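Colleague: Starting off with a structure, shown below.
The values are calculated or read from the model by the stated rules, or taken from the named source; none is laboratory data. What you see is a predicted model, and the numbers here were worked out from it, not measured in a lab. Neighbour counts are summed over all protein chains in view; Cβ atoms, including those assigned to glycine, are modelled from backbone coordinates with ideal geometry.
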Amino acid sequence: MIIIVRPQLLIIALALPLLTGGCVTHKLWSGKPMDEWNEPAPNPNLRLFHDVRQDDFLVVYDEYRDRHCTTNTRAFFLHQNLKPLDEHSRPHFVSTNLASRLPPVPVFASVTTNAPELYYIVTPDGGNFTLYSDRRDSGSYPLPTYNDGVGRMERIAWTPLTVTADLTIIGGVLALICWDALAQSSYSVSVH
């Protein structure tokens, strides 16, 4: 038996994913409603501490977690985390208790000639700071802003359901095509 499908029905079946905005799984993975960001709090309460042994700086600041609308104090070593900071990835956080064993780095509002050899300046928005060593600019650094990663886990959990929905839609379209082809054919079925 040869099934002939009307061209109009075939066009509708092929255009259905476009008319509905794409498949469900694609929407799940391309949309951003599940993504949340962790970023410096509006007033990050930034503090730096110098670890002479590691020749690094412990950065302690307040982080705002968008998903839970909470603020937590975080700490990380600056030079060990330059790549994650540049890539907006999560740095390797350490205990804030380490600050109690390290000397603080003074903070100033602007560049000054009366400052000690090592100090830092925080930008007005609080998201960046500039470190000065020997009264020269040693570099400007951002505080971490990164995706919390929970949205990816939620997407993974929802994927089996969305794939099932996609397969149901495809099965429904194929059933309509077959039903229409059967109606156009001379084949008849009687139900008793």
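Colleague: Looking only at residues that are exposed (fewer than 15 other Cβ atoms within 10 Å of the Cβ) and of a type in the set (Val, Ile, Thr) in the stretch 63-95, which one is farthest from Asn147 (Cα to Cα)?
Modeller: Only one residue tops the list, namely Thr73.
Let's see how each residue does on (1) in contact with a Ser or Thr (Cβ under 8 Å, 6 or more places away or on another chain); (2) part of a strand (DSSP E or B):
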position: His68; (1), (2): no, no
position: Thr71; (1), (2): no, yes
position: Asn81; (1), (2): no, no
position: Leu85; (1), (2): no, no
position: His88; (1), (2): yes, no
position: Leu98; (1), (2): no, no
position: Val111; (1), (2): no, no
position: Pro116; (1), (2): no, no
position: Tyr119; (1), (2): no, yes
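Colleague: Restricted to the stretch 111-122, and to residues that are in contact with a Pro (Cβ under 9 Å, 6 or more places away or on another chain) and surrounded by 15 or more Cβ atoms within 10 Å (Cβ to Cβ), which residue is modelled with the lowest pLDDT?
Modeller: Going through the stretch 111-122, the residues in contact with a Pro (Cβ under 9 Å, 6 or more places away or on another chain) turn out to be 115-116, 118-120, 122.
When the remaining residues are screened for being surrounded by 15 or more Cβ atoms within 10 Å (Cβ to Cβ), the result is 115, 118-120, 122.
Details: Ala115: 66, Leu118: 76, Tyr119: 72, Tyr120: 76, Val122: 75.
Result: Ala115.
Colleague: Within the stretch 50-62, restricting attention to residues that are assigned to a strand (DSSP E or B) and of a type in the set (A, V, I, L, M), which residue is farthest from Asn147 (Cα to Cα)? Outline the logic, then answer.
Modeller: Step one: of the stretch 50-62, the residues assigned to a strand (DSSP E or B) are 50-51, 56-62.
From the residues that got through so far, the ones that are of a type in the set (A, V, I, L, M) too are 58-60.
Working: Leu58: 22, Val59: 19, Val60: 19 Å.
Per the criteria, the residue is Leu58.
Colleague: In this structure, is Pro44 part of a loop (DSSP other than H, G, I, E, B), surrounded by 18 or more Cβ atoms within 10 Å (Cβ to Cβ), at pLDDT below 95 and out of contact with any helix residue (DSSP H, G or I) (no Cβ under 7 Å at 6 or more places or on another chain)? If you could, list the steps in order and put the result at the bottom.
Modeller: Numbers: part of a loop (DSSP other than H, G, I, E, B): yes; surrounded by 18 or more Cβ atoms within 10 Å (Cβ to Cβ): yes; at pLDDT below 95: yes; out of contact with any helix residue (DSSP H, G or I) (no Cβ under 7 Å at 6 or more places or on another chain): yes.
Yes, satisfied.
Colleague: Could you go through the stretch 58-72 and let me know if any residue there is assigned by TED's automatic domain parsing to the domain that holds Tyr119, in contact with a strand residue (DSSP E or B) (Cβ under 8 Å, 6 or more places away or on another chain), modelled with pLDDT of 90 or more and of a type in the set (Lys, Arg).
Modeller: no
Colleague: Regarding Phe108, is this residue at pLDDT 95 or above, surrounded by 12 or more Cβ atoms within 10 Å (Cβ to Cβ), in contact with a strand residue (DSSP E or B) (Cβ under 9 Å, 6 or more places away or on another chain) and within 17 Å of Phe57 (Cβ to Cβ)? Even if it seems obvious, please write down each step before you answer.
Modeller: Working: at pLDDT 95 or above: no; surrounded by 12 or more Cβ atoms within 10 Å (Cβ to Cβ): yes; in contact with a strand residue (DSSP E or B) (Cβ under 9 Å, 6 or more places away or on another chain): yes; within 17 Å of Phe57 (Cβ to Cβ): yes.
No.
Colleague: Going by what's in this entry, would Val52 be described as surrounded by 14 or more Cβ atoms within 10 Å (Cβ to Cβ), among the aliphatic types (A, V, I, L, M) and at pLDDT 65 or above? Reasoning before the result, please.
Modeller: Working: surrounded by 14 or more Cβ atoms within 10 Å (Cβ to Cβ): no; among the aliphatic types (A, V, I, L, M): yes; at pLDDT 65 or above: yes.
Criteria not met by Val52.
Colleague: If you don't mind, another one. Out of the stretch 55-69, which residues are touching a helix residue (DSSP H, G or I) at 6+ places or on another chain (Cβ under 9 Å) and on the phi > 0 side of the Ramachandran plot? Spell out how you get there, then give the answer.
Modeller: Going residue by residue through the stretch 55-69, those that are touching a helix residue (DSSP H, G or I) at 6+ places or on another chain (Cβ under 9 Å) are 55-60, 67.
Of everything in the stretch 55-69, just one residue is touching a helix residue (DSSP H, G or I) at 6+ places or on another chain (Cβ under 9 Å) and on the phi > 0 side of the Ramachandran plot, namely Asp55.
Colleague: Among (1) modelled with pLDDT of 70 or more; (2) in a helix (DSSP H, G or I); (3) among the aliphatic types (A, V, I, L, M), there is one condition Leu18 misses while meeting the rest; what is its number?
Modeller: Among (1) modelled with pLDDT of 70 or more; (2) in a helix (DSSP H, G or I); (3) among the aliphatic types (A, V, I, L, M), the lone unmet condition for Leu18 is (1).
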